[in-house]
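All remarks here apply to the structure that follows.
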Amino acid sequence: MRSILATDCGSTTTKAILIEKRGDEYRLIVRGEAPTTVEAPVEDVTKGVINAIGEVEELTGRKLLRDGRLIKPQTDEKGIDIYISTSSAGGGLQMMVAGVVRNMTAESAERAALGAGAIVMDVIASNDGRKPHEKIDRIRRLRPDMILLSGGVDGGTVSHVVELAEIIAAANPRPRLGIGYQLPLIYAGNRDARDQIRKTLHGKVALEIVDNIRPTMERENLMPARLKIQELFLEHVMAHAPGYDKLISWTDAPIMPTPAAVGYIIQTIARRRGIQVVGVDIGGATTDVFSVFQGTFNRTVSANLGMSYSVSNVLAEAGVENVMRWVPFRMDEGDLRNRIKNKMIRPTTIPQTLEELMVEHALAREALRLAFEQHRKLAVGLKGVHQERTISDAFAQTETGQTLVDMMGLDLIVGSGGVLSHAPRRSQAAMMLIDAFQPEGVTHLAVDSIFMMPQLGVLAQVNEEAALQVFERECLIHLGTCIAPVGQGEEGRPCLTIKAWLPEGEIEEEIPFGQIRLLPLGVGQKARVYLKPRRRFDVGAGRGNEMEIEVEGGVVGLILDTRGRPLDLNMNTPNRVDRITEWMKALNAYPM
């Protein structure tokens, strides 16, 4: 395989990348983009794809199209060997999920749908507090692309999940796209209820049955439902979107929903490198968070948190004070509200002054923080699992369904989205990630350079090695490593002693509490560091315990953050403006 062309059909822009094998390595050659054409007046997604590929042709001087069709396979310097694509155009995949118990089977169904790349419009459960007629009305009004129904463990009671099926049958749901076909419904519940489910939903929906997503209380089995969702996304949803039947015939691998492809590349990285990863994509209207902890993949979508269309929601959810605490100058509350409303009215505007940029970055910190909080709540272990406890466990009072997110065990944070990838200085992106996620111990930070994770995700299904080579060399911009002790202390009191063997020489420093320091460690450089926290602080080896570790540099460097975890900063913090200004100067984040 010498050349690969990959496109991502987004809501507004279609992006195309050309990857070629040069020697033993796959390299990104060029990137082109054009407006997506799924909406009126064009209503044919392939027009935008051809325009984006046309830009790739212009930039490379290489012929890829003949009579509006791709030239395949590559001959001499014409054409490409493989064409693949992802899509989130037309609003992406919109689903409803239903389960018997809200925080058990319904939550498992929600995780299955989110992991498959869907936007979950609503979660219906027997115990969600709504009356049957309210649920029926809700299903009729939302018009999802697909429904996932689950409920009960295998061999358990069938009556509750059949009642849910009766509610769906009474709603007689219609699909969002296309009027001549039935809405796909995937049943992934108690196998003993299958016959009754078939009988209840006969003639109402296009029923597909897969293995139970919760066969026992102790086990969650999401993959069969996720694979069926992606299969139906192609067969039903995409086939009825304008031009997609033609696009499907061009591709050499199934078209994936864009978030599913991003999730796939993050899972691939975590598996191949044996690390725990958090990825975030902050957009104009929504923010996606992906994580892999203890080998378990989770994705959440915060549909109301974004940097343009949803920017007012960020202010409403975070509160004025939480946004203003990150602004390194005094400003009036009314001024902040006016700036944010203007951004919502004109979502495509970009900051024109340093003050506007700082306000936008303050909002981004809160949007990322809130999205990550929502992620922690869904990325949990199974609830309702019976556990054998000893006397000591009884005193510990631990519950089932604890979050899987372990910040001390986290190895890598990858940020994506305009506000992070296009920040004027990379140290600004590093600061936003640190302030929002508050990494603990030793954590590497990176951003996606030109948002090609979706294309690399679908490429990983065809050629994993090629996807990983391009991801490591072309996609990621390594910002550096953050070392942050957990604990609280007094401003200016000793917190951490560090001894580092850097390429430029050996250094040893004692860093007081409440500061940020930056040490030089460039891209591709590694260094051994010895860390000795004071007795109330922990960098990963336990409170007060020393450790030695190898860290990797980046375009920003090695960041030492002794501001404490959790980071305590609010509008009443003494000398707030002076302290934020000092932190920003330490990272050379802004011209101040």
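Things worth noting here:
- Listing of strands (runs of 3 or more DSSP E) fully contained in the range 434-502 that carry 2 or more residues being open to solvent by 10 Å² or more (accessible area, probe 1.4 Å), in contact with a His (Cβ under 6 Å, 6 or more places away or on another chain) and closer than 12 Å to ARG563 by Cα: none
- Test result for ILE559, in contact (Cβ under 8 Å) with a residue 24 or more places away in the chain, out of contact with any helix residue (DSSP H, G or I) (no Cβ under 6 Å at 6 or more places or on another chain) and surrounded by 14 or more Cβ atoms within 10 Å (Cβ to Cβ): yes
Condition check ((1) of a type in the set (Gly, Ala, Ser); (2) open to solvent by less than 60 Å² (accessible area, probe 1.4 Å)) across all residues:
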{"site": "ALA170", "(1), (2)": "yes, yes"}
{"site": "LEU183", "(1), (2)": "no, yes"}
{"site": "ASN190", "(1), (2)": "no, yes"}
{"site": "GLN196", "(1), (2)": "no, no"}
{"site": "THR200", "(1), (2)": "no, yes"}
{"site": "LYS204", "(1), (2)": "no, no"}
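Residues are listed down the side, and each one gets a yes or a no for (1) in contact with a strand residue (DSSP E or B) (Cβ under 7 Å, 6 or more places away or on another chain); (2) among the β-branched types (Val, Ile, Thr); (3) open to solvent by less than 10 Å² (accessible area, probe 1.4 Å):
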| residue | (1), (2), (3) |
| --- | --- |
| THR216 | no, yes, no |
| ALA225 | yes, no, yes |
| HIS236 | yes, no, no |
| GLY243 | no, no, no |
| ILE248 | no, yes, no |
| TYR264 | no, no, no |
| GLY274 | no, no, no |
| ILE282 | no, yes, yes |
| ALA285 | no, no, no |
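- For the range 408-433, residues that are part of a helix (DSSP H, G or I) and either surrounded by fewer than 18 Cβ atoms within 10 Å (Cβ to Cβ) or in contact (Cβ under 8 Å) with a residue 60 or more places away in the chain (or both) total 12.
- When the range 79-119 is filtered for residues that are assigned to a strand (DSSP E or B) and modelled with pLDDT under 90, the ones remaining, listed by number, are SER87, LEU93, GLN94, ALA118, ILE119.
- Matching option when the condition is free of Cβ contacts under 8 Å to residues at least 40 places away in the same chain and touching a Lys or Arg at 6+ places or on another chain (Cβ under 6 Å), among VAL311, VAL292, VAL320, VAL359: VAL359
- Filter pass, VAL551 being at pLDDT 95 or above, in contact with a Ser or Thr (Cβ under 8 Å, 6 or more places away or on another chain), open to solvent by 10 Å² or more (accessible area, probe 1.4 Å) and aliphatic (A, V, I, L, M): no
- Residue list for the range 1-50, restricted to those being surrounded by 16 or more Cβ atoms within 10 Å (Cβ to Cβ), within 21 Å of VAL262 (Cβ to Cβ) and of a type in the set (Val, Ile, Thr): ILE4, THR7, THR14, ILE17, ILE19, THR36, VAL38, VAL45, VAL49
The values are calculated or read from the model by the stated rules, or taken from the named source; none is laboratory data. Not measured: the values here are computed from a predicted model. Glycine also receives a Cβ, built like all others from the backbone with ideal geometry; neighbour counts cover every protein chain displayed. For accessibility, only protein heavy atoms count, side chains too; no ligands or nucleic acids. Shrake-Rupley method; radii C 1.70, N 1.55, O 1.52, S 1.80 Å.
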